[in-house]
Amino acid sequence: MKLLLASQSPRRKELLSQLGFDFEVVKIDCEEILPEDIKIGEAAAYLSQLKAETFRTLIEDEVLLTADTVVAIDEKVLGKPKDEHDAKNMLKLLSAKTHQVYTGITIKTQDRIFTETDVADVELEEISDGEIDYYIREYQPFDKAGSYGIQEWLGMAKIKKITGSFYTIMGLPTHLVYRILKEL
């Protein structure tokens, strides 16, 4: 089996490697646009499957893994911030509240496709304007859904409670990936 990881995320690469899998990183050019009427709980899986379907036809023994993470609060999806102003607004919105992190994965073979989503609830303590400015300046969270990484300063200093998988929040529900790949 030749595993292909369609992600440029260093976190996903690290987690898949730590699970003990050998893999090759591939690039997928896919416009990630959600339908306006999509349910929040289905958004990450939709984007993950869209990426898998956009990839070229697989040959025998190839397995493709795609993933997508969305952060949601108050029935609103927060993607990756467009700029510093957008990141500040997202972090202010998340401050002192509980939000959800959904990560969808798709595992595709030549003749089968599996898509699953995992969700975790994250409760943050209050984040001051100064702390938001510090975090954005020092960690540049512009490639992260919701404008933060759980493994970085904000996650260490401000997460009060997690219900669900830490790794789902990090961007790859490792327990789902492991189970499906082991079955293959």
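The values are calculated or read from the model by the stated rules, or taken from the named source; none is laboratory data. These figures come from a predicted structure and were not determined experimentally. Using ideal geometry, Cβ is built from the backbone for each residue, glycine included, and neighbour counts are taken over all protein chains shown. Surface accessibility is based on the protein's heavy atoms, side chains included, excluding ligands, DNA and RNA. Shrake-Rupley method; radii C 1.70, N 1.55, O 1.52, S 1.80 Å.
The table below gives the values:
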| quantity | calculated |
| --- | --- |
| Neighbours by Cβ (under 8 Å, 6+ apart or cross-chain): first from the range 131-144, farther than 20 Å from Met170 by Cα; second of a type outside the set (A, V, I, L, M, F, W, C) and open to solvent by less than 70 Å² (accessible area, probe 1.4 Å) | Glu131/Lys158; Asp133/Lys88 |
| Complete set of residues in the range 44-54 that are open to solvent by less than 30 Å² (accessible area, probe 1.4 Å) and free of Cβ contacts under 8 Å to residues at least 60 places away in the same chain | Leu47, Lys51 |
| Single unsatisfied condition, Gly20 versus (1) open to solvent by 30 Å² or more (accessible area, probe 1.4 Å); (2) under 14 Å from Lys108 (Cα atoms); (3) of a type outside the set (Asp, Glu) | (2) |
| Filter result for the condition that a residue is assigned to a loop (DSSP other than H, G, I, E, B), out of contact with any strand residue (DSSP E or B) (no Cβ under 7 Å at 6 or more places or on another chain) and open to solvent by less than 30 Å² (accessible area, probe 1.4 Å), over Ile127, Ile132 | Ile127 |
| Strands (runs of 3 or more DSSP E) enclosed by the range 1-105 - at least 2 residues per element that are touching a His at 6+ places or on another chain (Cβ under 7 Å) | 62-73 |
